[in-house]
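J.: Okay, here's the structure, questions in a sec.
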Ligand code: GDD
Ligand code: MN
C-alpha cells in the first residue's frame, strides 16, 4: 500500500502531464516516498487520457476518466474514493504547483499533530509568479478574505494541499462542494483544525489556459454560503437576513427619493415601503431561505408581508413601552427605538424561519 495518494484533476492538460508526472516521480523517489498518482480526467478532447495511458507504462499512475460528470471538486472527490494511501495530496496538473514541494508537504503531514497541510502562497517565503495581473491578485485576496470566518489559514483557496484519508472518510457523507474550492470544503467539513502551511511559489500555468470562469467565481459565493450555514447554523441565516434587511433599506430610501419627485408623500412613502418589502421577500426566498424556494411563492409572499407587519408592530410597541415605563429610555428615545428595531427584526426573523419559509419534510 502506498503511503501517499497524489490526486491530479485534469481537463485538457495533455501538454502538461508529460512534464508533470516525471517531475512528481523524481521528487518522490528523491525523498523515498511511496506513492500512487491518480489522474481524474473529465474526458478531455485534447488527448489527456491517451497521454496518461502511455505514462502509466512507466509510472505508478492510475487514470479515471469520467464521462457523465464534470467539475474540479467532484473530480478530486472521485480520485479520493479510489485512493489507497494514508495521506491524500491534491495538486493541479498545469505545473502551477511545484512538484518539488511534495516531500515537504508529506513531511509536515507525518507530524501527528497536523491535520492538514497547504502549499501556501501567502506565508513567509511563498509567492505568486510575477505577471499575475492586478485583477487576479485582487480577486484572490478578496476570495481569501471572505473565507476568513471559516479558517484562519493564510491560503484557504489553495488547490495544493494534503490531509489524512481517515479524516476524509469520516466526513465523506457531508461533502457537497460546488465549484473550485475543494480544499476549503475539506478543511471545514473534515474538522481539520491544526493546519500547517508550506510556502510555495505559484507559477503561471505551463500550457493551455485556466478553466476558472466567472461562473466558477459565482459558484464560490454559493459554496461559501453553504459553508457558513454548515459552520454557523442559525447565526449564518440571521446574518443573511440582516444583510437583506439592510439592502432593503437602501431600496426603500432610493425608491422614496425617486417617487417623491412626482407623487404625494403619503403615496410615495407607502409605495417605497412596499417595494422594499417585495425586494426583501425575493432575496430571502432565493438566498437566505433558499431551501424553501420550491414552495409556491404567493403564499410565502402573503405570509412574509404579514410577518413584516407584525415585526413593525413589535418594533413600534417595544420602543413606546420602553420610553413610557423606564426613565432611562424616556431620556434616550433613540436608544429605545433601536431596541425596538432589534426586537422587531428578531421577531420577524423567527417568524420567517419557522412559519413563512418552511423546509419541506
Ligand atoms: N477533472 C477536472 N474537471 N479537472 C478540472 C476541471 C474539471 O472540470 N476544471 C479544472 N480542472 C483541473 C485543471 O486541469 C487543473 O489541473 C486544475 O484543475 C486547476 O485548474 P485551472 O483551470 O488551472 O485553475 P486555476 O489555475 O485558475 O486555479 C487554481 O488556483 C487557484 C488559486 O489561485 C486551482 O488550484 C484552484 O483550486 C485555486 O483556488
Ligand atoms: Mn492553473
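J.: Residue check: is residue 211 within 16 Å of ligand 1 (Cβ to nearest atom) and touching a residue at least 24 places away in the same chain (Cβ under 8 Å)?
T.: It is true that residue 211 is within 16 Å of ligand 1 (Cβ to nearest atom) and touching a residue at least 24 places away in the same chain (Cβ under 8 Å).
Rundown of residues vs (1) touching a residue at least 60 places away in the same chain (Cβ under 8 Å); (2) assigned to a helix (DSSP H, G or I); (3) outside the structural domain of residue 9 (by TED's automatic domain parsing), yes/no style:
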site	(1), (2), (3)
185	yes, yes, no
192	yes, no, no
198	yes, no, no
244	no, yes, yes
249	no, yes, yes
254	no, yes, yes
268	no, yes, yes
275	no, yes, yes
278	no, yes, yes
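J.: Another question, if that's okay. Tell me yes or no: at least one residue of segment 216-231 is touching a residue at least 60 places away in the same chain (Cβ under 8 Å), surrounded by fewer than 16 Cβ atoms within 10 Å (Cβ to Cβ), assigned to a helix (DSSP H, G or I) and within 16 Å of ligand 2 (Cβ to nearest atom).
T.: The answer is yes; a qualifying residue exists.
J.: Residue check: is residue 274 within 20 Å of residue 225 (Cβ to Cβ), at pLDDT 95 or above and out of contact with any strand residue (DSSP E or B) (no Cβ under 6 Å at 6 or more places or on another chain)?
T.: In short, no.
J.: Right, something else. When segment 36-78 is examined, which residues are found to be part of a loop (DSSP other than H, G, I, E, B), within 16 Å of ligand 2 (Cβ to nearest atom) and either under 20 Å from residue 117 (Cα atoms) or in contact with a strand residue (DSSP E or B) (Cβ under 7 Å, 6 or more places away or on another chain) (or both)?
T.: 44
J.: Then there is this: Being under 16 Å from residue 167 (Cα atoms) and either within 12 Å of ligand 1 (Cβ to nearest atom) or in a loop (DSSP other than H, G, I, E, B) (or both) is the filter here; which residues of segment 79-95 pass it? Talk me through it step by step, then tell me what you get.
T.: Quick first cut of segment 79-95, residues under 16 Å from residue 167 (Cα atoms) only: 79-90.
Across segment 79-95, the qualifying residues are 79, 83, 84, 85, 86, 90.
J.: I've got another one for you. Does residue 169 satisfy the condition of being more than 16 Å from ligand 1 (Cβ to nearest atom), in the same structural domain as residue 29 (by TED's automatic domain parsing), part of a helix (DSSP H, G or I) and surrounded by fewer than 19 Cβ atoms within 10 Å (Cβ to Cβ)?
T.: In short, yes.
J.: Being surrounded by 14 or more Cβ atoms within 10 Å (Cβ to Cβ), within 14 Å of ligand 1 (Cβ to nearest atom) and in the same structural domain as residue 206 (by TED's automatic domain parsing) is true for just one of 45, 60, 98. Which residue is that?
T.: Testing whether each residue is surrounded by 14 or more Cβ atoms within 10 Å (Cβ to Cβ), within 14 Å of ligand 1 (Cβ to nearest atom) and in the same structural domain as residue 206 (by TED's automatic domain parsing) leaves just 98.
J.: Can you pull out the residues in segment 134-162 that are within 14 Å of ligand 2 (Cβ to nearest atom) and either in a loop (DSSP other than H, G, I, E, B) or touching a strand residue (DSSP E or B) at 6+ places or on another chain (Cβ under 7 Å) (or both)?
T.: Passing the criteria: 157, 158, 159, 160.
The values are calculated or read from the model by the stated rules, or taken from the named source; none is laboratory data. These numbers were taken from a predicted model, which means no experiment stands behind them. All Cβ positions, even for glycine, are placed from backbone atoms using ideal geometry, and neighbour counts span all protein chains on display.
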